[in-house]
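Scroll down for the structure; my scribbles are underneath it.
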Amino acid sequence: MERTFAYLKPNAIQRGLVGEIITTLEKKGFKIVALKMIVMDEHLAGELYREHTGKDFFVPLMKFVQSGPVVAMVLEGENAIKRLRHTVGRTDPLEADAGSIRGRYGVSVRKNLIHASDSPESASREIALFFEEREILDYTLALEGEL
Ligand code: RTP
Ligand code: MG
């Protein structure tokens, strides 16, 4: 089983879309193994987006992601990294598949609702930025008939 990292951006919380987005992830078969609400500080946001340092959208992006609480999570599943990227959709909601999270609810590139790690290296790095190992929990999902 592969692990990946996602966080719901401040506008997802402000728009009341937390439940709907998490439901989508659960229905898509991702197992939530860590979950918390936090407000990112300058250091955390800078580390998370360090590959974009200096780009024209970097400063507004930094400001936006620190503008309110986010919901950070670790998701587990088969091919979780690629599957989550597909479920989330392309960066620009206008280019994202209509059925993807960004395609369904996104309005602008910056406020595209959710982040998803783009590679195994990013996933490990980003999980470690947000979670301690003891915050990642082990449990068994109920199977049909065991509910
Ligand atoms: P993410 O990292 O949030 O999952 O998104 P991504 O891989 O699809 O996109 P990436 O290229 O890593 O960009 C990170 C975030 O920066 C904002 N962005 N704004 N032209 C722009 O104004 C622009 N380009 C990127 C988006 O919020 C994007 O998710
Ligand atoms: Mg990215």
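Spot the failing condition for E95; the list is (1) within 14 Å of ligand 2 (Cβ to nearest atom); (2) part of a loop (DSSP other than H, G, I, E, B), and only one is missed.
For E95, the exception is condition (1).
Could you run through the range 79-122 and say how many residues are of a type in the set (D, E) and within 11 Å of the chain's Cα centre (by Cα)? It would help to see each step written out before you state the result.
Narrowing the range 79-122 to residues of a type in the set (D, E): 92, 95, 97, 118, 121.
Next, only the ones that are within 11 Å of the chain's Cα centre (by Cα) stay: 118.
Selection size over the range 79-122: 1.
Do you know which residues across the range 37-74 are within 8 Å of ligand 1 (Cβ to nearest atom) and of a type outside the set (A, V, I, L, M, F, W, C)?
Y49, E51, H52, K55, D56, P60
What pairs come out if I take residues in the range 112-132 that are of a type in the set (F, W, Y) and pair them with residues that are more than 8 Å from ligand 1 (Cβ to nearest atom) and in a helix (DSSP H, G or I) whose C-beta lies under 9 Å away, six or more apart or interchain?
From residues that are of a type in the set (F, W, Y), the pairs are F130/L44; F130/L48.
Among the numbered criteria (1) assigned to a strand (DSSP E or B); (2) of a type in the set (D, E, K, R); (3) touching a helix residue (DSSP H, G or I) at 6+ places or on another chain (Cβ under 7 Å), which one does E47 miss?
In the conditions (1) assigned to a strand (DSSP E or B); (2) of a type in the set (D, E, K, R); (3) touching a helix residue (DSSP H, G or I) at 6+ places or on another chain (Cβ under 7 Å), E47 misses (1) alone.
Return the pairs, sorted by first residue and then second, in which the second residue is in a helix (DSSP H, G or I) and among the aromatic types (F, W, Y), the first residue lies in the range 50-66 and is within 25 Å of I13 (Cα to Cα), the beta carbons are less than 6 Å apart, and the residues are 6+ apart or on different chains.
Cβ pairs passing all conditions: H52/F58.
Go through (1) surrounded by 15 or more Cβ atoms within 10 Å (Cβ to Cβ); (2) within 14 Å of ligand 2 (Cβ to nearest atom) and name the single condition E121 misses.
It is condition (1) that E121 fails.
Looking only at the range 101-143, count how many residues are of a type in the set (V, I, T), within 12 Å of ligand 1 (Cβ to nearest atom) and not in a helix (DSSP H, G or I).
Looking only at the range 101-143, we keep the residues that are of a type in the set (V, I, T), and these are 101, 107, 109, 114, 127, 136, 140.
Right, trim to within 12 Å of ligand 1 (Cβ to nearest atom) and you get 101, 107, 109, 114.
Add one more test, that the residue is not in a helix (DSSP H, G or I), and what stays is 107, 109, 114.
Count: 3.
The numbers here are math on the coordinates, done by the rules we state, and not lab data. Quantities reported herein were computed from a predicted structural model and do not represent experimental measurements. Neighbour counts are summed over all protein chains in view; Cβ atoms, including those assigned to glycine, are modelled from backbone coordinates with ideal geometry.
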